Structure formats: structure tokens, C-alpha cells
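As C-alpha cells, the structure follows; a few thoughts come after it.
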Amino acid sequence: MQERIEEFNEAGVAITASTYDDIEQNASFKSSEELTYALLSDQEAKTVKSLGILNETYEEGSSRYGVSHPGVILVDTDDKVVLTRAEEKFIDPPSMDVLLEDVKKVLAGEALEEETDAEETPED
């Protein structure tokens, strides 16, 4: 994400990331990776719960509790989620090119094509 931050900024998007790690761990990671965007701490998993992306594999009390399903969420200035790329198995994430184009489409008010895994069945 860091490598493409200018392109997202030019599109009108401010990048932030969120982890379940504490503030000190995030500050250390941000510094070591030379990140220029905000790295937020969501130790109580309030944000991931509210967005519906909490990985429920880990129970409350577990050291991994608060892990979200990996992905990207675009929230507009009215706090409305307008694009979600968070999935239980985010094995094959979209490229940054695809993500940037989708973000630009959403910001321009264009509808995105829905991806479906189900085959279409003819009507009876």
C-alpha cells in the first residue's frame, strides 16, 4: 500500500490501517516500515465488529482475538462503507491496479460489477 499511497491520495483517498496490536507495537512497526499513513490500534475489536469483519476463529481472551478478515474497506466522509474487499479467505486479493480503479469508480458514482460464484439458472 505504501508504494501506491500517492495514487490513492491523488484520487482523494486517505489511507489508514488498523490492527489488533497495541499502540506501541504499531508505532514500532510504522517506524520500521517507514509508513506514512496512520496505523490505528483496535485492541478491543470494536471497529472490526462494527464493520462485520471480525475473524471469529479466535475467541475473546485469545492473544489473536480482534484479528479481522484481511482486506480493504473504503469509508466515505459520511462514515458510509462504500467499498469492501474483506473476505474470510483473502487468498487472491485484487491487484492494487484493480483496487485503485474500483476506488475511482466508486468515487465517481459508478456502480461496480458484482462478482458471483453461483451459476445462473434459467427461469422455469
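The values are calculated or read from the model by the stated rules, or taken from the named source; none is laboratory data. What you are looking at is a predicted structure, and each value in this text was computed from that prediction instead of being measured. Using ideal geometry, Cβ is built from the backbone for each residue, glycine included, and neighbour counts are taken over all protein chains shown. These area figures cover heavy atoms from the full protein model, side chains too; ligands, DNA and RNA do not enter into them. Shrake-Rupley method; radii C 1.70, N 1.55, O 1.52, S 1.80 Å.
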From the options Val48, Val98, Val103, residue that is open to solvent by 60 Å² or more (accessible area, probe 1.4 Å), of a type outside the set (Lys, Arg) and part of a helix (DSSP H, G or I): Val98
Criterion (surrounded by fewer than 11 Cβ atoms within 10 Å (Cβ to Cβ) and under 17 Å from the mean Cα position of the chain (by Cα)) met by exactly one of Thr77, Thr19: Thr77
Region 53-72 residues that are in contact (Cβ under 8 Å) with a residue 24 or more places away in the chain, paired with ones that are open to solvent by 40 Å² or more (accessible area, probe 1.4 Å) and not in a loop (DSSP other than H, G, I, E, B) (beta carbon under 6 Å, 6 or more apart): Val72/Arg85
Conditions (1) at pLDDT below 90; (2) part of a loop (DSSP other than H, G, I, E, B); (3) open to solvent by less than 80 Å² (accessible area, probe 1.4 Å): number failed by Leu35: (1)
